[in-house]
Amino acid sequence: MDLAIDRLAHEEISRWQTILVKEYDGQAALFLLKKLLQELRSLQRITFAELWSDQEDSCCFINAHRLAKSLLTKSWEELHIGVWSDVPQVWREIYAFVSLVFVCTDVSRDIEEASRLLDLAVLLGTGSWKEDILICLEYLDSVRTGCEFLGSEAKVQPQLSRLVTDDCAPPSDLVTYPLPKRHRPSLETFFNQYLSPQIPVVIKGVATEWSCVKDKRWNDIVYWKQVAGNRLVPIEVGSSYMSEDWSQQLTKLGEFIDQYIIQTTSRIGYLAQHPLLEQVPSLMKDIQIPEYCYLSETNSLPRIHIWFGPKNTRTPLHYDAQHNLFVQVVGWKYIRLYAPRESSKLYPSEGTLHKNTSLIDDIEQVDTEKYPNFMDAVYQECVVGSGDMLYIPPGYWHYVKALDKSISLSFWWT
Ligand SMILES: O=C(O)CCC(=O)C(=O)O
């Protein structure tokens, strides 16, 4: 668990210096950062472990904490001025760095609060510090679960800890125009018959081998609470991101599970399109990156997002610019696809924010007077269950509805 504070801070501060002074009125922040580095140097600690485990009451330690606190407040303010896309990178980097220092110099050793602050730093910060923060978070989790194994969930009955029951049958009669299905196509077949001509296909027999599916690990509420229950995640609340009642909130994954997954409320909460496996890297051992994603023009690794929600989450009809291998891990989902050539019948939103999304909020209840061409659009559909994978080519419109409590992953690549 190395955290070379001194090595990195020195390089970062020289770089921030130019940006802060030239482009922002950042003299005061720069002054504080330099003082912070000085204090860290005099502490002669170079790893997070050293900082965290020495309960110091030295003057340098207290000073470093105080300086980090001021910078945390300052960078938090900068992050919350104006719209998110305009927030300067440099403040996000500084926010990540000072969160880390603030946490490791906090003598209260409040693990819950430390995890909360570091999760915020992962979600809102950026730069090379993110890696160190993730290491710290894993360390804190191991300390936490070590001393408080399973917490209150130790009381959960085994049969109650399942998200969905194993004997649940696939919903029938939902599919009229089925998508093609293949059992473990070879790389060559996938490339020639689907990826290259951009034809969608349901792939069976690949994700069934992953431990999140095979061992039903991700169907286990206790497991989720143990590995990530304490982690802060962004939840979308409302019927869909195009509806007026939609909002976002940050909450602990464990609380999200209690509030929106276990209890059935009329308000839908969806952990949608979130890079949870980046935030909690230990989850990577439960999956494999599908080798189809390595058929890439750019050699880049896929971006992995989780979609974790109750029955009836609905992602409106939209398209993405990248290849997508959509993997269903827990529960059932209904998915409908329209080829890009159908776009003119799908009423894309005007404006820039949601121009990849149809104006029709719920394609299962369409106002045909308002959208008369929609019924002429040709589509294909499927119901995916645990271990199924769906290849969605770039530009393909897709609509997704959960038929049950559900967990899916999407692998996006170019
Ligand atoms: O599962 C969902 O709700 C939406 C998934 C999706 O839109 C995607 O993977 O691109």
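None of the figures in this text is laboratory data; all of them are computed from the coordinates on show. What you are looking at is a predicted structure, and each value in this text was computed from that prediction instead of being measured. Using ideal geometry, Cβ is built from the backbone for each residue, glycine included, and neighbour counts are taken over all protein chains shown.
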Inset, instruction - With label points built 7 Å along Cα→Cβ from the Cα atoms of Asp245 and Arg66, find their separation and express it in nm. - result: 5.1
Legend entry - Reduced Cα scattering model of the chain, Debye log10 I(q)/I(0), q = 0.12 Å⁻¹: -1.05
Legend entry - Directionally averaged projected area (convex hull, Cα atoms, region 5-147), nm²: 8.0
Legend entry - Residue-averaged 222 nm ellipticity for the chain, from DSSP H runs of 4+ at -39500 (n - 2.57), nearest 500: -10000 deg cm²/dmol
Inset, instruction - Please work out how much length the chain gains when fully extended from Gln322 to Glu11, using 0.36 nm per residue of separation minus the C-alpha to C-alpha distance, in nm with one decimal. - result: 108.5 nm
Legend entry - Euclidean distance between Cα centres, region 167-188 to region 107-122, Å: 44
Inset, instruction - Treat each spin label as a single point 7 Å out from the Cα along the C-beta direction, and report the Val366 to Thr126 distance in nm. - result: 3.8
Legend entry - Under 25 Å from Lys181, Cα to Cα: lysines that are on another chain or at least 8 residues apart: Lys204, Lys214, Lys216, Lys311, Lys333, Lys401, Lys405
Legend entry - Neighbour net charge for Lys204 - beta-carbon separation under 10 angstrom, K R +1, D E -1: +2
Inset, instruction - Calculate the radius of gyration of the Cα atoms of region 181-413 to one decimal place, then report Dmax, the largest Cα-Cα distance, as a whole number, both in Å. - result: 17.5, 50
Legend entry - trypsin sites (Lys or Arg not before Pro) lying in DSSP loop within region 265-325, provided at most 10 other Cβ fall within 10 Å: none
Inset, instruction - Among Trp16, Gly125, Phe97, pick out the residue whose Cα is farthest towards the positive end of the charge dipole of region 5-147, where Lys and Arg carry +1 and Asp and Glu carry -1 on C-beta, about the Cα centre. - result: Trp16
Inset, instruction - Could you work out the Rg to Rh ratio of region 159-272, with Rh taken as the Kirkwood radius (inverse of the mean 1/r over all Cα pairs)? - result: 1.05
Legend entry - Extension gain, Asn299 back to Thr18 (0.36 nm per residue minus Cα-Cα distance, nm): 97.9 nm
Legend entry - Segment Thr189-Met375, extension gain: residue separation times 0.36 nm, minus the distance between their alpha carbons: 63.6 nm
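Among Ile304, Ile94, which comes first, then next, by fewest other beta-carbon atoms within 10 Å?
Ile304, Ile94
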Inset, instruction - Provide the FRET efficiency to the nearest 0.05 for the Lys34-Ala169 pair, computing r from the beta carbons and using R0 = 60 Å. - result: 0.40
Inset, instruction - Excluding Gly269 itself, calculate the net charge of residues whose Cβ lies under 15 Å from the Cβ of Gly269, where each Lys or Arg counts +1 and each Asp or Glu counts -1. - result: +1
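Kindly point out which whole DSSP H helices in the chain project their C-alpha atoms 15 angstrom or further along the helix axis while averaging a Kyte-Doolittle hydropathy of 0.5 or above.
27-43, 89-104, 111-124
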